[in-house]
Amino acid sequence: MTTAVQVPDELLARLPVEQRGLGLDRDGVRLLVSCGAEEVSHHAFVELPGLLRAGDLLVVNTSSTLAAAVDGRLGHARVVVHFSTRGEDGRWAVELRDPDGTGTTRARAGGPAGTEVCLPGDVRLVLEEPLTTRSPRLWWARVSEPDVPGLLRRHGRPIRYSYTERDQPLSVYQSVFALPSADGSGSAEMPSAARPFTPRLVAELVSRGVQFAPITLHTGVASTEAHEPPYPERFAVPEASARSINAARAGDGRVIAVGTTAVRAVESAAGPDGVVRAAEGWTDLVVTPERGVRVADGLLTGLHEPEASHLLMLEAIAGPAAIRHGYDEALCGRYLWHEFGDMHLVLPSEMPEGRRRSENPHTEHCVSNCR
């Protein structure tokens, strides 16, 4: 990030908002709105329908969260296996971590090839090769149990990190948009930007003319220590969603991605002309300011650590000055970070060149939407 400001421990969200004794639902978090480099305003997330307008389109990730952490043994030592991504050949990308004695884990060196981990039910997992040559953190592994999703359902729990207070049931990590996949695949970690949405809020957005375009991107295990760029991930953009996105872009609607996963998926399906076409497979796209964005006009996301690679995506959408200003405001306003924390809506101060409609004054500037 363009600032070296660190996030104080007391601003790390340790519990979901509905468990903080405030009588709130998931949509009880706060919402910071950045509109260009200068406009910043503060809201409750339930005000989101009033900050958008008819014709705007929200791209939402339907990937469900897996119970991706499983206890195992490496010889006589305890380890925790984080299942990240299912490969096309039946292998899984995994990360081995050491228990830290508090219910969470700490990083450990990956490999070597041939390392065997014993999992519950006499299941064996064998490391074969690093996922990529640039980092040994994740390894491709062969599992003796072919039904790994079933193994996770029986013996897994959601991945959690040390800033959270306690283990949570899997339901806490599912968004209102989550759908089970036919092959049992899903996200190792929650696509958390959609977590604050409730059925009531979705209904209100629809009633105001805001549209939704579902996509799927199965997130892998994040790097909480090294803040590496994301690894290749499986995604799908359906034909109906591609049409909806293109229609919004052809009109006066803004395409707003709900989460960095939605940006990665839709940008992976877009051609150089900005036209989105149905696509599925693997994406290794990393959105940076140098690469830029072709489709997403705005982004609804959580608050990320200053070292996180996701911030490059935010800067690609809004510019470094807007993100720096927004994060300064978030720190001053005591917003909460991470998957159970508060939200950040990044909107364009102007529609991109070629998409302005002079006959409609509402497309010229979004200050009216930054109340």
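What follows is calculated from the coordinates using simple rules that are stated; it is not laboratory data. Predicted model only: the values in this text are computed from it and were never measured. All Cβ positions, even for glycine, are placed from backbone atoms using ideal geometry, and neighbour counts span all protein chains on display.
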For this session: Find the eigenvalues of the gyration tensor of the Cα atoms of the chain, then list the square roots of 5 times those eigenvalues as equivalent ellipsoid semi-axes, largest first, in whole angstrom.
Result: 35, 22, 19
Exercise. For Glu38 and Thr288, FRET efficiency with R0 = 22 Å and r from the beta-carbon atoms, rounded to 0.05?
Worked result: 0.40
For this session: Would you mind computing, in nm to one decimal, how far apart the modelled labels at Ala321 and Ala109 are, each placed 7 Å from Cα along Cα→Cβ?
Result: 4.8
Exercise. For the range 69-157, what's the relative contact order in percent, using C-alpha pairs closer than 8 Å and at least 6 residues apart?
Worked result: 26
Seminar exercise, completed: Any DSSP H helix in the chain with Cα axial reach of 15 Å or more and mean Kyte-Doolittle score of at least -1.0? Listed by number, the hits are 239-250, 320-332
For this session: Under 12 Å from the Cβ of Arg243, count the other residues' Cβ atoms, weight Lys and Arg +1, Asp and Glu -1, and hand me the total.
Result: +1
Exercise. By count of other Cβ within 10 Å, fewest leading, how are His76, His42 ordered?
Worked result: His76, His42
Exercise. Summing -39500 (n - 2.57) over the DSSP H runs of n ≥ 4 in the chain and dividing by its residue number, what mean residue ellipticity at 222 nm do you reach, to the nearest 500 deg cm²/dmol?
Worked result: -5000 deg cm²/dmol
For this session: With the Cα gyration tensor of the range 69-157 in hand, convert its eigenvalues to equivalent ellipsoid semi-axes via √(5λ) and list them largest first in whole Å.
Result: 18, 17, 12
Seminar exercise, completed: Two pseudo-spin positions, 7 Å from Cα along C-beta at Val206 and at Ser144, lie apart in nanometres by 4.8
Exercise. For the chain, what relative contact order do you get, as a whole percent, if you take Cα pairs closer than 8 Å and at least 6 residues apart?
Worked result: 25
For this session: Determine the distance separating the Cα centre of the range 253-330 from the Cα centre of the range 28-89; give it in Å without decimals.
Result: 13
Problem set entry | In range of the label at His76: residues from the range 107-125 whose backbone nitrogen is under 20 Å from the point 7 Å along Cα→Cβ | 115-119
